[in-house]
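All remarks here apply to the structure that follows.
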Amino acid sequence: MKRTMKWIVALSLLLLLTLAGCSNNEGSSGKGDGDKVVIRVATWEGGDGHKMQQEIAQNYMDDHPNVEIKVESVPDNYGTKILTQIAGGDAPDIFQIGDGDISMFQSRGALEDLTPFIEGDNGLNIDDFYKPVLDVGNIDGKYFTLPKDYSTYAVYYNKKLFDAAGIEYPTSDWTWDDFFEIAQKLTVEEDGETVQWGTNLPGASTRDVLPMLYGFGGDVISPDGQTVEGFMNSDGTKDALEFFNEMLRSGISPTPTQSEAFQGADLFLSEKVAMNPTGIWPTADYVNAGMDFGVVEVPGGPAAQKSTIYYSGYGIYSKSEQTEAAWDYLKYLSTVGQEILAEHALSAYVPAAEAAGQADDPHRGTFVKSVDLINMFPERLNPAFNKTAGTEFVNVLTQIVGNEKNASLDIPGLLDDAAAKGQEAMESEMEE
Amino acid sequence: MNYKTTKILWKTFVWIVLIIGTIITLVPLFWMLSTALKSNAEVMQFDMVWWPEDPKWSNFVEAFTTLPFGEWTMNTIFITVFTIIGTLLSCTVVAYGFARFNVRGNKTLFIILLSTMMLPSTVTMIPQFVIFRELDWINTFYPLIVPSFFGNATFIFLLRQFFMTIPTELEDAAKMDGLGTMGILGRIILPMTLPALTTVAIFQFNGAWNDFMGPLIYLSDPDDFTLALGINFFKGENNQVQWNYLMSASVISMLPSLLIFFFGQKYFIQGINLSSGIKG
Amino acid sequence: MKKKIYLTESKRKTITFYLLISPWIIGFLAFVLGPMIISLFMSFTKWDLLTDPKWIGFDNYTKMFGDSLFYQSLKVTFVYSIFSVPLQLILSLAVAMLLNQINWGVKVFRTIYYIPVIVSGVAVMVLWSYIFNPEIGLINQVLKMVGIKGPGWIFDEDWAMTSLVVMSLWNIGGTVVIWLAGLAGVSKDLYESATLDGANKWQLFRFVTLPALSPTLFYNLIMGVIGALQTFNQAYIMTDGGPNNSTLFYNYYLWVNAFDNFEMGYASAMAWILFIIIIILTLIIFKSSSSWVYYESERK
């Protein structure tokens, strides 16, 4: 036994030394070989998305032998890792950022102002981009992120189910009332159980109900991002949510319990739902499944016809020590690189989008056209919104959506309350 | 009812209960396997498909050829083996100290040891990251391996409990024979607590093999990834997950844990023989 | 003369003790103590992770008293712990005892019961979401067969907690293994002599097995309490704390504050409150242990 112990100790010491040897070699590669500039790019995309990013990086490195691009892919827990790296002083030079976080990161000074680079000698022509998409990264006249990809909000409809019910396909000039009426016609019950729903209404997600609010002339925050009172509880918002509540209660959509219960399964794909209001993402699945479907703009309301945007962009970390080199790659990623990305997602870089035929695509085209219907979303207008007034608003949505027992709700009262509390919370958060 | 019928009835009861438990336990494994064998279309289906109509065994091949699983497996084995060695070496020694040397400070230090498990890691993660950055250990396996050589509170506690169940007579006798502290630990205590040591080794294997947060924070270069981290590459953009590939990879990556447990468990039984042998 | 030898003996014992535990002390000082102190310091600051922390004194702690979600998370966590810890302990011990009753196929059974521990988190998530699915899930399908309309499980505010407690019982493989290791250490001589004295099965369990297992029970109890009070994954992976905050576990709410709300200072304060709660509970169990934990080595 004593011998065995000795062996174990000796062996592990030996292994420990080998280990030390191994990672010493690795450690020195941190700054690259010789005078190579290393640019670290963080993305949350795994799978094919990651492969494309690798391809773009490789193309760039082929042209720039003195630069090494390291794509750091974090498909799970991206936020945790990035925040730990930033707080721990080891952040990547360029990182992907979701639309809801831009103003938060910007207001805390974590994002480099890109305007001087855009306007500089090695600059960009901003007219090459879809302006409403590019503007998501523009805060108070300065650019902080450039778009990687985006989506607007539109409605998928199953042509087969429409034909079967003898209903004409919706057109871009339809209204929320049309939407409701069609959805009711397409809801089929058998033996007291719904076997097909007219639509799949959004859950308690502010972004997903925004087009409806805008349609009725409502909003959740003022355009300058300072006030929620009078917006979150405006007549338009109240009307929109009353309408939303009416639609939910009418049984045209799976209840949240039902739809949440089917997470992972797409009810539109399995033809249990006839109209699906959402973003660009499932298009490829529907096409691959050989579905006969169309996409139409989001319905209009009594006040307007407005869509919303989902966006992911790239920004440069403000404490990066090589902003010049990082900018050069960011520019490449946002222009030339878009040619590769456009095969997969909507590109805000017009030449790439056109080369990929996105605007003319029978399905994707509607999403591109909807760019003109975009209204800016609240988290971008005020970094404190999500944590404060946004939470209050989601609470109201949760009560409406979760009201599966159809209790009577005082929606205007709830909204007045949420707006007052939200305003107060947002102001005290902004003071700090 | 005579003794024999009672015994048969009892055995039947035990078997029935164990088999019911087995079914409940095996459902997830079955589910993983069936998902792994589904086509992309079947994965997205609304109805619960228990077994795919046309099992696609090729998913396993595809899952493993699209990503560098060979490299990731080697990394995972490397880290796991070292942490097991580190854990066993450090935890036995430390636990022996806590179990047998009832001197001043023992109780206090032991409470401190336990208290290190009580603070949620969410708030210590960043300071720890800073320490390892200062040591220039980011993007190396060091932060994942080295701490295991300094003991793990859970396992020290577990081993201490087992060491304390061993009567001291044997050690007293060994001391008379002139055996030193390490000698007693190695020749008397460890053989008698083989079941507990096996348990620790198996737990540590599992912990290191499935560890996600550690590799996530400290490893950024895909060449350095472990299996638990790399598997997430089947999650594409917008949270679209290739469940069938993810599950095939998960099934394969859990096989080593299963095998280690299956073969490691014989030491539970040996442990009984050994300790009663010594006593007898 | 005699006294002097006794002193050196005690001193030598002390030195040996510190030498033996020195690996842990070094590791503790190098990797653990610093981060703990820093997190304590951070609990007195407002820190958004992106800019430097700002000292705000006890504000984070006073804020907790007015935070209804804080109370909710505390309640959720305690209710879960009170049910899941004892149930897990009893069930896992029962399984371990049953496994010790059979001779044939024991290896296979043990491995099977250990499977839940090694199945990856993602797989478990998808699986349980399906099992608990109100419409097409396994449980409700079975209930339907016997004519009962099942509840909404994790999607129903009133049932979500019950669902998670049920789920925790499935994940007892690790505890079973520790019980088995404990049972392996119970000397067969004790059983034999007790059987000769005419003890029945229950008496054997109550007066031989249980006392011999008490150090293992002590371990499982403390680890169970620490683990349950820090429950995180169920909320993070499966429920997001919902529906309507019915599964808003303390540790999950803490994490949300740290990484979703950018309130690391507040999260740190919450962490230290949890730390104090756990350490008080642990000390209570420790103090009580002298009356119910029997160590062979301390047998007089």
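Table for the structure above
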read-out	value
Rounded to whole Hz, the Karplus (6.51, -1.76, 1.60) HN-Hα couplings of the range A:137-154, x for glycine and proline	x, 9, 10, 6, x, 10, 8, 10, 9, 10, x, 9, 8, 7, 8, 9, 10, 8
Calculated FRET value between B:ASN102 and C:VAL146, using beta carbons and R₀ = 51 Å, to 0.05	0.30
27 Å Cα-Cα reach of A:LYS51 towards lysines, excluding residues that sit fewer than 8 places from it in its own chain	A:LYS31, A:LYS36, A:LYS70, A:LYS81, A:LYS148, A:LYS331, B:LYS38, B:LYS56, B:LYS235
Under the Karplus curve 6.51 cos²θ - 1.76 cosθ + 1.60, θ = phi - 60°, whole-Hz ³J(HN,Hα) for the range C:63-71, x wherever Gly or Pro sits	4, 4, 5, x, 9, 5, 5, 4, 5
Check: the protein assembly as shown dipole with +1 on Lys, Arg Cβ and -1 on Asp, Glu Cβ, in debye	8240 debye
Zero-based 10 Å bins, Cα pair distances in chain A, whole percents	4, 19, 27, 23, 15, 7, 4, 2, 0
Size-normalised alpha-carbon gyration radius of the protein assembly as shown, reference 2.2 N^0.38 Å	1.01
Computed E for C:LEU33/A:GLU55 - FRET, C-beta separation, R0 51 angstrom, nearest 0.05	0.65
Approximate spin-label separation C:SER288-A:ASN122, in nm, with each point projected 7 Å along Cα-to-Cβ	6.8 nm
Of C:VAL256, C:VAL117, C:VAL165, the one that fluctuates the most in a GNM where chain C has Cα springs shorter than 10 Å	C:VAL117
Length-normalised contact order of chain B in % [C-alpha pairs under 8 Å, at least 6 apart]	29 percent
Residue-span extension gain [A:GLN184 to A:ARG249] - 0.36 nm each, minus C-alpha spacing	22.3 nm
Cβ-derived FRET efficiency at R0 41 Å, C:THR14 paired with C:LYS107, nearest 0.05	0.35
Proximal lysines to B:LYS266, defined as alpha-carbon separation beneath 20 angstrom and excluding residues fewer than eight positions away on the same chain	C:LYS107, C:LYS188
Taking chain A and dividing mean pair separation by its residue count, relative contact order in percent (alpha carbons under 8 Å, at least six apart)	23 percent
Least to most buried among A:VAL71, C:VAL124, C:VAL79 (fewest other Cβ within 10 Å first)	C:VAL79, C:VAL124, A:VAL71
Selected from A:LYS405, A:LYS148, A:LYS238 as most flexible by GNM, with chain A as the system and alpha-carbon contacts under 10 Å	A:LYS405
Euclidean distance of C-alpha centroids, the range A:111-160 and the range C:48-83, integer Å	38 Å
Overall dimensions of chain B by Cα: Rg and Dmax, Å	23.7, 74
Rel. contact order, % - alpha carbon contacts under 8 angstrom, at least six apart, chain C	27 percent
GNM flexibility winner over chain B from B:SER148, B:SER115, B:SER34 (Cα, springs under 10 Å)	B:SER115
Top positive-direction residue, dipole computed over chain B with Cβ charges, set B:PRO120, B:PRO256, B:LEU170	B:LEU170
Dimensions in Å of chain C - Rg and Dmax from alpha carbons	24.1, 85
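Read-outs throughout are calculated quantities, based only on the coordinates presented, and are distinct from any laboratory measurement. It should be emphasised that the depicted structure is a prediction, and the values quoted were computed from it without experimental measurement. Heads up, the Cβs are rebuilt from the backbone with ideal geometry, glycines too, and the neighbour counts pull from every protein chain shown.
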